[in-house]
Amino acid sequence: MRWIVGILSMEWFSGKNAKRNWSIALAVLLYSMFSIWLAHLGEQKARELARLKKENRRLKAEYVETKKLLMQDQLRSNIYEKLRDRQFVIPKRPPHMIEVKEK
Amino acid sequence: MKKNAARHIDQWNLLLHALLVLWGAAIVVKLIYVQFIDGNHYRQLAQRYIRTVKIKAGRGNIFTHDDKLLAVSVTKYDIYFDAVAPVDKVFYGEIDALARSLARYTSKPASEWKRKLTEARKKGRRYVAIAKGLTLQDYEKFKKFPVFKHGQFKGGFITEIRTMREYPFGGMLRRTIGVASNGRKYGLEGAYDKILTGTDGERLMQKIGGGTWKPVNNFNEKEPVPGKDLVSTIDMRFQDIAYHALLTQLMNYRADHGTVVIMETATGKIRAMVNLGRTSGGHYFEKINYAVAERYEPGSIFKAFTFLTLLEDGYIKPGDKIHLESSRWKYLDRIISDAHTFHNIDYTMEEAFAHSSNIATVQLTDKYYARHPKKYVQGLEQLGIDKKTGIRLTGEAEPVFPHPGDKTWKGYKLGMMSFGYGVELTPLQILTAYNSIANGGKRLRPLLAESVKEGLKTVETFKPEVTDASVADPENLAIIRRFMRKVVTGGTARNVNSPYVEIAGKTGTTQTEYWTGNTQYIASFAGFFPYEKPLYSMIVVIHKPDKSIGYYGNTVAGTVFREIAEQIMGFTPDTIQMALNEK
């Protein structure tokens with residue numbers, strides 16, 4: 001009962017044990033602030049993670065779409081189709097690869 | 001006075017203490033009650049508010065040998081509209097603009113969209129389908145449309161995300177890639193499902209107001225592990241060439257279906273596998289993996305195995321001659337005939353093979369094996385053609401391979417078998433045996449998967465698997481290879497001879513459905529190239545071409561073989577070694 005009265009009359013922070021009580025109060029305050037900061041940090045990371053996941057999905061979709069177009073364009077049949085009118089023909093003679101070896 | 005005050009405080013202390021103890025005891029009692037007596041009830045209640053949700057692991061991609069994507073999991077977006085959510089000002093102020101935007105990206109006109117959405121609002125519909133399977137790029141555009149741009153609560157824009165398997169090359173290789181979903185498993189997807197499937201993750205979710213669920217923690221209880229990527233042996237350059245060559249020929253000959261398989265001689269790696277079947281509408285697409293699942297009577301292609309067995313048993317030598325009186329010959333109760341007419345002709349073994357003489361093949365087999373047909377069959381078994389190849393794909397057909405002593409075995413079976421009737425093999429089984437001839441005797445299990453990747457790192461490599469180190473004497477194999485070259489330079493497939501690449505092979509023109517009275521044909525050509533240093537073996541099989549256009553193995557299948565071989569060699573470098581002069 002007395003310590004409740006003590007807190008209410010601010011004796012807790014001005015009496016003979018005030019120094020010790022202040023340090024406890026400060027420690028509790030710092031700990032609370034630290035906890036709040038950590039919670040915020042956690043949430044921030046969760047948000048960042050969600051953003052990165054979204055970005056990852058976007059990049060993957062972009063990669064697939066672009067690669068799809070590129071792969072289609074790279075098909076010999078498509079290249080031939082596009083260049084046939086310009087008198088291009090599919091080579092049948094093997095290309096020569098010269099392998100140079102030191103003596 | 002002081003004593004009274006102290007006693008007064010003690011009484012208060014005691015009371016406070018007693019209350020605290022009672023409170024503590026009450027908590028303990030309640031805890032026991034909650035935990036053990038009402039436990040089940042509360043656990044059931046909790047399940048309604050907390051649940052573990054599976055987080056689906058991403059499925060691995062399938063690549064070709066040349067780094068092309070064959071199968072990939074992509075995120076797709078379905079869009080719905082809550083027609084009640086937007087306020088009148090937003091809905092009626094922007095509906096015309098929204099309808100116009102939707103019309104640009106869909107097949108419906110703007111007037112139709114306006115009518116549909118207005119009607120939905122009047123009827124109080126909260127889940128109107130707008131578009132399904134959108135790519136991220138399209139989804140981002142839809143999100144900025146009038147009305148939708150106000151979000152879910154003010155604009156009624158509802159998004160549902162799902163992961164879909166996409167095949168960038170559409171129908172090409174569809175059967176070889178296969179599927180692994182809804183209880184169906186076939187193709188590469190089915191065979192390598194364990195590698196491609198990752199491990200699902202878990203996340204605890206808590207129900208909050210408004211029927212929505214939010215994660216209990218900021219982290220997943222169990223992180224999903226994505227599946228690994230599979231690199232197949234397929235080379236898209238080979239596949240593209242083979243696909244178009246076969247498709248063109250099937251269309252030209254109005255054939256029912258066909259298949260092409262290309263194998264690397266030294267490793268057994270399959271570089272292309274095309275299977276095309278005709279639909280009722282006259283189009284062709286990958287209906288069935290004919291190469292693996294469809295067995296047929298190979299006809300003259302089988303003669304390579306018969307002649308090799310005769311050589312192995314020492315009954316014939318390349319220079320030996322055989323005299324044939326006529327192009328029709330009575331064998332037991334059957335008439336055997338050759339494709340071209342002749343009277344009194346002497347063939348060397350090479351010529352008999354090159355001209356694909358049925359009569360010579362049956363006469364030789366009958367002469368040396370009629371008394372002990374088991375020896376002939378055992379000789380063929382040495383080549384491994386009586387067994388499945390063991391390719392890691394579901395649905396490989398078991399060969400039909402008659403044995404003397406079987407209930408169905410009859411006298412004429414030996415002769416018929418010698419030129420490919422009464423025996424049934426799949427194109428892949430024939431190709432595997434031809435590949436052994438091409439590579440000097442190594443029987444290799446056909447390989448469709450090359451490696452497993454985790455990101456950019458290769459974590460597993462599938463090595464070529466030799467199932468028989470030597471199926472026949474290398475000298476006899478060289479003789480058969482020479483015979484096959486003769487088929488192209490001076491035999492039944494002279495039209496397959498190419499000025500660019502030395503092709504060796506054997507034609508096959510098999511009668512089928514002869515029991516119906518309307519005989520159809522199966523045209524085939526199997527072989528390898530280049531002749532001197534074989535790099536690839538290949539088989540082309542075309543079923544039921546239009547007889548009025550053509551049906552012979554050399555014209556229908558052989559030309560496809562030549563076209564593909566020439567194009568492949570067109571980008572395969574011819575290496576010339578030069579010594580560097582140090583001076």
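The values are calculated or read from the model by the stated rules, or taken from the named source; none is laboratory data. As the structure is a computational prediction, the values presented were derived from the model and not from experiment. Heads up, the Cβs are rebuilt from the backbone with ideal geometry, glycines too, and the neighbour counts pull from every protein chain shown.
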Scan of region A:64-103 for residues that are within 18 Å of B:I568 (Cβ to Cβ), polar (S, T, N, Q) and part of a loop (DSSP other than H, G, I, E, B), ordered by number: none
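Being of a type in the set (V, I, T) and at pLDDT below 90 is the filter here; which residues of region B:180-209 pass it?
So the first thing to find is which residues in region B:180-209 are of a type in the set (V, I, T), and the list is B:195, B:197, B:199, B:208.
Result: B:I208, single match.
For region B:338-352, indicate whether the set of residues that are of a type in the set (D, E, K, R) and without any contact (Cβ under 8 Å) to a residue 60 or more places away in the chain is non-empty.
First, the residues of region B:338-352 that are of a type in the set (D, E, K, R): B:338, B:346, B:350-351.
Then drop every residue that is not without any contact (Cβ under 8 Å) to a residue 60 or more places away in the chain, which leaves B:338, B:346.
Yes, the conditions are met somewhere in region B:338-352.
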Selection from region A:67-79 of residues that are over 25 Å from B:S73 (Cβ atoms) and more than 9 Å from chain B (Cβ to nearest Cβ): A:I79
Members of region A:80-94 found to be at pLDDT 85 or above and either at the interface with chain B (Cβ under 10 Å from one of its Cβ atoms) or within 26 Å of B:G171 (Cα to Cα) (or both), listed by number: A:Y80, A:E81, A:K82, A:L83
Of all residues making up region B:467-504, the number that are modelled with pLDDT of 95 or more, among the hydrophobic types (A, V, I, L, M, F, W, C) and either assigned to a helix (DSSP H, G or I) or exposed (fewer than 14 other Cβ atoms within 10 Å of the Cβ) (or both): 9
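Kindly indicate whether A:E55 is more than 10 Å from every other protein chain (Cβ to nearest Cβ) and not hydrophobic (A, V, I, L, M, F, W, C). Quick ask: steps written out before the conclusion?
Numbers: more than 10 Å from every other protein chain (Cβ to nearest Cβ): yes; not hydrophobic (A, V, I, L, M, F, W, C): yes.
Here the answer is yes, as A:E55 does meet what is asked.
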Breaking point among (1) within 18 Å of the chain's Cα centre (by Cα); (2) facing chain B (nearest Cβ under 8 Å), for A:H40: (2)
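Here is a list: B:G508, B:G558, B:G570, B:G550. Which entry is of a type in the set (G, A, S), assigned to a loop (DSSP other than H, G, I, E, B) and touching a residue at least 12 places away in the same chain (Cβ under 8 Å)? Give the steps one after another, and end with the answer.
Details: B:G508 fails: assigned to a loop (DSSP other than H, G, I, E, B); B:G558 fails: assigned to a loop (DSSP other than H, G, I, E, B); B:G570 fails: assigned to a loop (DSSP other than H, G, I, E, B).
Unique residue meeting the criteria: B:G550.
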Flag if A:M33 is within 14 Å of chain B (Cβ to nearest Cβ), surrounded by 10 or more Cβ atoms within 10 Å (Cβ to Cβ), assigned to a helix (DSSP H, G or I) and at pLDDT 90 or above: no
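Would you be able to tell me the number of residues in region B:104-133 that are under 11 Å from B:F145 (Cβ atoms) and either of a type in the set (A, V, I, L, M, F, W, C) or part of a loop (DSSP other than H, G, I, E, B) (or both)? Steps first, please.
Within region B:104-133, the first condition is being under 11 Å from B:F145 (Cβ atoms), and the residues that meet it are B:104-105, B:113, B:130-131.
With either of a type in the set (A, V, I, L, M, F, W, C) or part of a loop (DSSP other than H, G, I, E, B) (or both) added as a condition, the list becomes B:113, B:130-131.
Qualifying residue count for the region: 3.
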Any hit, region A:9-29, residues being within 9 Å of chain B (Cβ to nearest Cβ) and not polar (S, T, N, Q): no
Restricting region B:76-100 to residues that are outside any loop (DSSP other than H, G, I, E, B) and buried (at least 20 other Cβ atoms within 10 Å of the Cβ), the residue that is farthest from the other protein chains (Cβ to nearest Cβ): B:F91
Failed item, numbered, when B:K330 is tested on (1) part of a loop (DSSP other than H, G, I, E, B); (2) of a type in the set (K, R); (3) free of Cβ contacts under 8 Å to residues at least 12 places away in the same chain: (1)
